[in-house]
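Everything on this sheet refers to the single structure shown next.
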Amino acid sequence: MRIIKWIALLFLLAPGVSLAALCAPPFYSYSVTVATGGITVPRTAEPGTPISEVFGPFYTGNINGYQCNYVSQVYINLNTVLTPSSYSDVYETNVPGVGFKLFKSVGGSQYGVSPSPFITVDFPVCYTTGCYIDGVLPNLYMQFYATSNNVGQGVLSLPKPLAIIATHSNSDRNINIFRHLSISNTITITPEKGCSVTNPNQTVTLLDVKTSALKSNAGRYPGGKDFNIGLSCTPQTKVSMKFEGTTMTGRNDVLANQSTGTDSAGSSVGIQMMYGNNPVTLGQTFLVVNDAKETETLPFKAHYYYNGGDLQLQQGGDVAASATFSFTYQ
């Protein structure tokens, strides 16, 4: 009886000696490149929305016929614990407002890869002779996301390796890492240059002025009306501006009076806009901000302008003009 028990004990121990080795497929490290031209983040990007195309598929190889002799699983996860964003399976990066998602795609559905716990890739096939890991590992994909309204600028620093694939024993809890996936290139994040206007539509009402006062001195009438155009900008943006509108005859820096009828002041009076000490030339682009902050205020002033001609009404009249403006950015 002792001999039988001893033989049985040897039979049970022998497979256990090589459990870890039997469930450790050959190690490979894969490096891939993504967004080689960098990523420019649109100003219109909403938090939780993609700011890049989907990169991939990234091939991670296959494993065929590895006998485990126990029920093991193949897992994939991010190699480093990262800060989760407010959006499903998206993790923050070192650049503020930028996150990424690493995922596998099965049947049109995405399954995000996380730092912990492990995400199951596949179960092995088990027979009476043992369990085997057999099949093609899933291809992986990657995409970058905006995670806030304020996206920073900089070079991404992603963990290396970014992801690992491993077998995991349900019996002895051993983890055998046999695949690495790394991003090998430098990825630069650049917010799109530009501004949005915080008060795009304005009506500027000038004070009434006596006809006799205008006629006393041709040119720009003093004591105009201040108005501001507010901007919300990507920092360090260079901003230029252009006004357009119908000009007074012979003056490209005076808006023509658009009021018509018996109560019009006629073509002798218009509106001149000033930016600082300079009249605004209609149709001409001029620099307004060389190095923008997040918030900018552009100060203007509107004045009556009398060209020295005959006023249509001796008793007064209306003056009305309109202009549109546009911006260009660098």
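Things worth noting here:
Residues are listed down the side, and each one gets a yes or a no for (1) in a strand (DSSP E or B); (2) modelled with pLDDT under 90; (3) exposed (fewer than 15 other Cβ atoms within 10 Å of the Cβ); (4) out of contact with any helix residue (DSSP H, G or I) (no Cβ under 9 Å at 6 or more places or on another chain):
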position	(1), (2), (3), (4)
N201	no, no, yes, yes
D226	yes, no, yes, yes
T249	no, no, yes, yes
N252	no, no, yes, yes
Q272	yes, no, no, yes
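- Search result, residues across region 203-224 that are surrounded by fewer than 13 Cβ atoms within 10 Å (Cβ to Cβ) and of a type in the set (S, T, Y): T203, T205, S212, S216
- Members of region 228-247 that are more than 17 Å from T324 (Cα to Cα) and assigned to a strand (DSSP E or B): S232, C233
- Subset of region 308-322 that is surrounded by fewer than 16 Cβ atoms within 10 Å (Cβ to Cβ) and under 45 Å from the mean Cα position of the chain (by Cα) - its residue that is modelled with the lowest pLDDT: A320
Residue-by-condition table, conditions (1) hydrophobic (A, V, I, L, M, F, W, C); (2) closer than 30 Å to D291 by Cα; (3) not assigned by TED's automatic domain parsing to the domain that holds Q272:
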| site | (1), (2), (3) |
| --- | --- |
| I187 | yes, yes, yes |
| L206 | yes, no, no |
| V209 | yes, no, no |
| K225 | no, yes, no |
| G230 | no, yes, no |
| P235 | no, yes, no |
| R251 | no, no, no |
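- Complete set of residues in region 153-195 that are touching a Leu at 6+ places or on another chain (Cβ under 7 Å), modelled with pLDDT of 85 or more and more than 23 Å from F55 (Cβ to Cβ): C195
- Checked against (1) more than 36 Å from the chain's Cα centre (by Cα); (2) modelled with pLDDT under 90; (3) β-branched (V, I, T), T234 passes all but condition (1).
- The set of residues from region 274-288 being under 19 Å from N307 (Cβ atoms) and either modelled with pLDDT under 95 or of a type in the set (S, T, Y) (or both) comprises just one member, T281.
The values are calculated or read from the model by the stated rules, or taken from the named source; none is laboratory data. As the structure is a computational prediction, the values presented were derived from the model and not from experiment. Cβ coordinates were reconstructed from backbone atoms using ideal geometry, including for glycine residues, and neighbour counts include every protein chain displayed.
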